[in-house]
Every structure is written in structure tokens, then in C-alpha cells.
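See below for the structure under consideration.
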Amino acid sequence: MFKKVLIANRGEVALRVLRTCRELGIETVAIHSEADSEAMHVKLADESVCIGPPPVSQSYLNIPSIITAATITNTDAIHPGYGFLSENARFAEIVEEHGYKFIGPKSEHIKLMGNKIKAKETMLASGVQSIPGINEIGSINQVKDFGKEYGYPLIIKAVNGGGGKGMRKIYDEKEIEDSISSAKKESLNAFGDDSVYLEKLLINPKHIEIQIIADQYGNVVHLGERDCSVQRNHQKLIEESPSVTLSKEEREQIGLTSVNAVRAIKYEGLGTLEFLYENNKFYFMEMNTRLQVEHPVTEMITNIDLVKEQIRIAAGDKMKMQQNEIEINGHAIECRINAENPKTFIPSPGMINRYHQPGGLGVRIESAVYEGYKIPSHYDSMIAKLITHGADREECISRMKRALEEYVIMGVDNTIQLHQDILKENNFVSGKYNINFMNDIR
Ligand code: ADP
């Protein structure tokens with residue numbers, strides 16, 4: 001097992017990884033920008049290294065600084081968390097070239113799945129269907145023909161995209177040219193590459209994703225699904241597991257399909273296959289080759305520490321659990337608490353001058369903020385995740401309502417009240433909501 005792990009991240013995920021490291025008896029190194037010297041991950045880590053000024057390009061994305069921090073602290077392995085460099089294949093390569101273990105999949109798999117077209121082609125080779133579309137847009141007429149055959153609306157997406165950026169919906173033939181060029185522009189700005197592809201826009205799908213774990217010896221299991229259909233601007237706001245929509249057979253089938261597809265490419269580590277689900281059909285969208293923000297809901301219903309598994313697998317351990325030993329227990333929901341205006345979703349950085357966290361049975365908080373903490377303006381607005389677990393969905397929802405009521409965050413705008421409102425909506429209560437839920441209730 002590793003002796004020392006450097007956590008190349010900040011905020012709640014840095015703490016999440018740090019806690020598991022400590023349980024495994026691994027020493028931790030925190031890295032931080034000049035804006036984060038008072039951050040909780042810095043306070044709790046065994047060692048910390050300041051790696052640069054506040055802008056992410058000069059700190060959390062600054063590969064030479066991170067490698068230097070690993071060298072001076074004599075680190076064995078680097079955990080990238082999620083976001084930042086977690087899906088940067090070149091970073092994974094550089095980490096390994098310097099003799100550190102990258103706690104995540106091999107760089108070739110990050111590269112393969114990071115390209116959404118290649119990911120779709122790879123999945124298709126294992127019989128996993130994607131949404132009908134055009135991978136390489138040759139001409140406007142080609143899109144027109146596709147529109148005639150499949151009908152509108154369509155959606156343009158960035159090949160190397162993420163975080164819901166670089167997408168444009170097309171409702172009519174006339175919009176094709178403008179949509180392609182504006183999606184290309186946005187993609188170039190956000191991802192440094194302007195390749196885009198086209199898909200049919202599904203009207204009322206659910207976003208359902210499957211969590212998998214694979215070791216270096218070909219053992220692969222899935223841990224069921226997460227329903228992440230409550231989204232704003234294509235970004236997740238609430239996730240839950242299990243999804244009320246899936247039957248036991250559907251769950252087993254999509255789980256098995258995912259396991260087989262991942263095994264076929266000899267994938268290693270944690271991964272999530274994201275699907276859109278409409279009319280009892282699954283359409284593969286993309287694979288995330290990292291730990292996901294919403295992983296706690298899966299942990300709560302399976303009682304498996306995903307970060308512990310991830311670290312053990314990276315250290316070369318053989319996975320002990322078998323698919324038939326994985327039991328799904330009760331229900332879990334996660335609400336993302338963002339420091340932002342709940343109507344406009346504009347970030348609201350600043351000082352938290354009053355803070356009280358909920359507690360009690362079945363309540364879990366993943367957060368790195370505290371009373372007196374000043375949320376910097378340079379980073380993501382998500383400041384906490386509130387997760388509740390219950391014997392069934394009903395109990396889980398009442399527990400979440402109770403926990404949200406207890407939660408006090410003063411000084412910055414946040415999404416607590418928004419979650420309270422969502423939890424009262426009929427379509428949320430029934431579980432029959434789809435990706436348009438937030439637009440429909442506003
Ligand atoms: P990103 O990697 O930017 O998050 P995804 O491909 O995972 O992009 O899609 C994010 C969200 O965008 C989905 O959960 C869904 O709400 C919406 N979306 C993407 N593709 C489609 C599609 N073909 N039809 C309908 N909605 C879509």
C-alpha cells in the first residue's frame with residue numbers, strides 16, 4: 001500500500017480523499033493556491049504545499065508545480081479527485097513518467113473515453129447503443145438530411161466537452177449553420193478544440209448512470225445506477241439511487257451491459273457510464289473515467305467506500321467482492337449545495353458568517369466550509385453535498401427535508417431553499433421527473 005498520497009484538488013473532494021487515506025493509514029499531502037491557505041483540506045492534511053496564485057491555470061492545473069510538490073514531499077501516488085486534471089490523459093502520463101502512481105485509470109483509457117466520438121464507437125463495438133447522430137459533420141446538407149430522416153430537434157455537442165458546455169439545440173433547418181458555428185466557438189474557448197458532433201435531441205429522457213469498478217486482473221462489478229435527471233443548465237443538482245423508474249431486470253441488464261463493455265477494453269479503476277433513458281431504452285452518452293461528485297449516494301446504498309476501492313486497485317490489490325455479493329440497501333439522495341443565486345445560478349462567493357450543519361441518523365455532509373470561511377471567487381460554486389439515506393425513498397425524502405431545514409448557511413446566497421422547493425414538487429415526489437424538470441417548474 002502507498003505510504004503517502006498527494007491530493008491534487010481542493011474543497012470537499014480533497015477532504016473526501018484525505019479521510020479515506022487516513023483510514024488506510026496513508027499520509028496525505030494537500031496542495032493549494034494562494035487563495036486557499038485557510039482551506040480545510042490544508043488544515044487537515046499531514047503536509048501542504050502552496051503551488052501558485054489563485055487562477056486555476058497557475059495552481060490546480062499547473063502540472064509542473066504539482067509534480068514538484070510531489071517530489072519535495074516524497075509522495076508515492078497522486079489522487080486527482082474530480083474536475084481539474086482528473087480526466088487529463090497527459091497529466092496521468094506525466095505523473096507515471098515521474099514514477100508516481102496515478103490513482104485512476106490508465107492514460108490510454110482516459111484519452112479514449114475523453115473523446116466522446118471514440119467513446120461511442122468503443123461502446124458500439126460491445127453492442128451498447130448511443131443516441132442516433134452524426135459523428136463527423138461534413139456539410140450542412142448532411143445535417144439537413146439527418147433532420148429529415150430523424151426529425152427535429154437536434155443537438156450539437158463538443159467532442160471534448162464537459163460540464164454541459166458547447167451544446168446547442170436545433171429546432172429548425174434554418175438554425176443549423178448558426179448553431180454549429182456558435183457551438184464550435186464555445187467549445188474552442190472552453191476546451192481548446194472546436195470539434196463538434198450531432199445527436200438527435202431526446203425530448204423527455206432521464207439521465208441514468210451506472211457505477212462500475214474494475215481491477216487490474218479483469219474483475220469488474222457494477223454498483224447499480226444513479227438518477228441524475230434534476231439538472232440546471234445540463235449540470236446535476238440532485239442525484240438519487242436507486243431510480244424509481246428502472247425495474248430489477250432493467251437494472252441487472254444495463255449493469256451487465258456496462259460491465260461487459262468495460263471489461264472488453266480492459267479498463268481499470270472507477271468509472272461511470274452515462275446514459276439517457278427514454279421509453280425503456282438506454283442510449284450511451286459518455287463515460288467518466290474518475291470518481292464522480294455524486295458517488296456518495298452509491299456508497300450509502302451499497303456500504304462500499306468507493307475511494308478505498310479506488311486506492312486499493314491503484315495499489316495493485318485484487319478486488320475481493322463479487323457481483324452477487326453487492327446488495328442494494330434502502331435509498332439515498334444527494335442535494336448539491338451551491339453558493340449561488342438560486343434563481344439566476346450566478347455564483348455568490350464571500351464570507352460564511354453563520355454555519356450550522358445538520359446531523360442525526362442517515363445524514364451525511366461532504367463539505368470543506370466552516371463558519372468564518374471566505375469562499376474564494378476563483379473556483380466552483382459547490383460548497384457542500386448533503387446526502388441522506390433511508391430504509392426507503394419516502395424515509396429518505398423526509399430525512400432530507402428535515403436536514404435541509406436544520407442547515408444554516410449565512411453570508412452567501414445558496415441553494416438550500418431551492419432544494420426544499422424541489423422536494424415538494426409532485427414530479428419529484430413521484431420520481432417520474434426527467435431532465436426538463438427544472439425548466440418545467442420555473
Ligand atoms: P457533459 O459532458 O458536458 O456533461 P453530456 O453528454 O454528459 O455532457 O450531457 C449532459 C446533459 O445534457 C445530459 O444529462 C442531458 O441532460 C443533456 N443532453 C446531452 N445530450 C442530449 C441529447 N441527445 N438529448 C437530450 N439531452 C441531452
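Here is how the numbers come out for the structure above:
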quantity: Accessible carbon and sulfur surface of region 4-103 relative to its total accessible area, %, 1.4 Å; calculated: 50
quantity: In Hz, Karplus ³J(HN,Hα) per residue of region 160-169 (6.51, -1.76, 1.60; θ = phi - 60°; x = Gly, Pro); calculated: 9, x, x, x, x, 8, x, 10, 9, 8
quantity: Accessible carbon and sulfur surface of region 311-393 relative to its total accessible area, %, 1.4 Å; calculated: 48
quantity: Long-range HN-HN contacts of Glu286 with modeled amide H, under 5 Å; calculated: Glu274
quantity: Within a Gaussian network of the chain (alpha carbon springs, distance under 10 Å), most fluctuating of Thr68, Thr122, Thr415; calculated: Thr68
quantity: Whole-Hz couplings from phi, Karplus 6.51/-1.76/1.60, listed for region 408-417; x for Gly and Pro; calculated: 10, 10, 10, x, 9, 5, 8, 9, 4, 4
quantity: Filter on Lys111/Lys144; Lys101/Lys266; Lys144/Lys200; Lys118/Lys200; Lys118/Lys236; Lys165/Lys308 - keep pairs with C-alpha separation over 20 Å; calculated: Lys111/Lys144; Lys118/Lys236; Lys165/Lys308
quantity: 1.4 Å probe accessible area per residue over region 190-342, in Å²; calculated: 34
quantity: Low-density loop cleavage sites - trypsin sites (Lys or Arg not before Pro) in region 315-381, where at most 13 other Cβ are within 10 Å (DSSP); calculated: Lys318, Lys320, Lys343
quantity: Computed E for Arg442/Glu93 - FRET, C-beta separation, R0 41 angstrom, nearest 0.05; calculated: 0.40
quantity: For region 4-103, accessible area per residue (1.4 Å probe, heavy atoms of protein chains only), Å²; calculated: 36
quantity: Estimated [θ] at 222 nm from DSSP helical runs (n ≥ 4, -39500 (n - 2.57)) normalised by residues in the chain, nearest 500; calculated: -10000 deg cm²/dmol
quantity: Neighbourhood charge, 12 Å Cβ-Cβ cut-off, centred on Leu112 and excluding it, Lys, Arg +1 and Asp, Glu -1; calculated: +2
quantity: Computed over region 78-221, Cα set: Rg, Dmax in Å; calculated: 17.5, 54
quantity: Distance (nanometres) between label positions extended 7 Å along Cα→Cβ at Asp145 and Ala264; calculated: 2.7
quantity: Percent accessible area from carbon and sulfur atoms, region 152-297, protein chains only, probe 1.4 Å; calculated: 46
quantity: Separation in nanometres of the label points that stand 7 Å from Cα toward Cβ, at Asn324 and Ser126; calculated: 2.2
quantity: Estimated vicinal HN-Hα couplings, Hz - region 227-240 in sequence order (Karplus 6.51, -1.76, 1.60; Gly, Pro = x); calculated: 9, 10, 7, 7, 9, 10, 6, 6, 10, 6, 10, 9, 10, 8
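The values are calculated or read from the model by the stated rules, or taken from the named source; none is laboratory data. These figures come from a predicted structure and were not determined experimentally. Every residue, glycine as well, gets a Cβ built from its backbone with ideal geometry; the counts of neighbours run over all protein chains shown. Quick note on the areas: whole protein, heavy atoms, side chains included, nothing else; ligands and nucleic acids left out. Shrake-Rupley method; radii C 1.70, N 1.55, O 1.52, S 1.80 Å.
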